[in-house]
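Readers should treat all values here as calculations from the given coordinates under stated rules, not as data from a laboratory. These numbers come from a predicted model, not from an experiment. For neighbour counting, all protein chains shown are included, and Cβ atoms are generated from backbone atoms with ideal geometry for every residue, glycine included.
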Amino acid sequence: MMEYQEGLRNNCENTTREEMINQIKSLKFSIIELGLYLDTHPEDKKAICMHKEYCKQLKDIEDKYQKMYGPLTIYWPCNKWRWLETPWPWERGNY
Amino acid sequence: MWTYNKVLEYPINIKCSNPKLAKFIISQYGGPDGEIGASLRYLSQRFGMPDQKAKAILNDIGTEELAHLEMVGTIVHQLTDGVSAEEMEKMGLGAYYTDHGLGVYPQAAAGWPWNAATIAVKGDPIADLQEDLAADK
């Protein structure tokens, strides 16, 4: 398990915004594809283990990212409507 | 229900516009085998699936196809962003520009708007899964 965990884990204290969003994208992509695999292979313990670990990492880094740079979904509570401040994915720069 | 995630499933950052390429890529957005057809095909067929695995896989692939739709739309948008009417015309997109400007419209490369006649939903799991094989070929 360790190699999977180390693969995407990164202490994000000193990482840039771009590095953080790239990690978020990598984790989301991995979780989506693992989910599709698990739909037809629900008994695969190794895949479940990877899925669980990536979900945990994603939650941690998404919480940190959204606190610093604003919401990635409308389910993130804000004191003002920061949804309008963050760039849209189709715009260049692509945060 | 769905939740929008304000990121692309895979990053896209096109540096140079290329309307000629956009003219072909738009078929992957709204053409007969494009992403809108793929997502609606799977998300509609899922209601007729008999077991948990089949329901889950069509639900989750149909969802992922919506993320692909956004990626292909982004490619078309970035390939045509800021392009002049004259340039669009020169690259074979004069007719497109007339109706859609620089908007991203779900159509095939030849100009036909997306049409549900390009997908099948038969309420029969074997027939539907066969159609999925053909569509993904």
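A few remarks follow.
- Counts of other chain beta carbons within 10 angstrom of each beta carbon in peptide A:56-67 average 0.
- Using alpha-carbon coordinates, inclination of helix B:125-136 to the longest axis of chain B, degrees: 30
- Each of B:M88, A:M20 was scored by other Cβ atoms within 10 Å of its Cβ. Arranged with the fewest first, they read A:M20, B:M88.
- Region B:19-136 gives an Rg/Rh value of 1.08, both radii derived from C-alpha positions and Rh following Kirkwood.
- Stokes-Einstein D for the protein assembly as shown, Kirkwood Rh over Cα pairs, 4 °C, 1.567 mPa s (µm²/s): 65
- Per residue of peptide B:6-15, the mean number of Cβ atoms on other chains within 10 Å of the residue Cβ is 6.
- Compared with the direct C-alpha span, the chain from A:R92 to A:K46 gains 12.9 nm at full extension, assuming 0.36 nm per residue.
- Paramagnetic label zone (point 7 Å from Cα along Cα-to-C-beta, B:D124; backbone N under 11 Å) in region B:22-59: none
- Sparse packing (at most 11 other Cβ atoms within 10 Å of the Cβ) combined with a DSSP loop state is found for the following trypsin sites (Lys or Arg not before Pro) in region B:11-49: B:K15.
- Look at B:F24, A:F29 and count the other Cβ atoms within 10 Å of each Cβ; fewest to most, that gives B:F24, A:F29.
- Subset of A:K56/B:K137; B:K23/B:K53; B:K20/B:K137; A:K52/B:K55; A:K45/B:K137 violating a 27 Å alpha-carbon distance limit: A:K56/B:K137; B:K23/B:K53; A:K45/B:K137
- Figure legend: label point modelled 7 angstrom from the Cα of A:Y75 along Cα→Cβ; residues of region B:1-35 with amide N under 19 Å from it are B:1-9.
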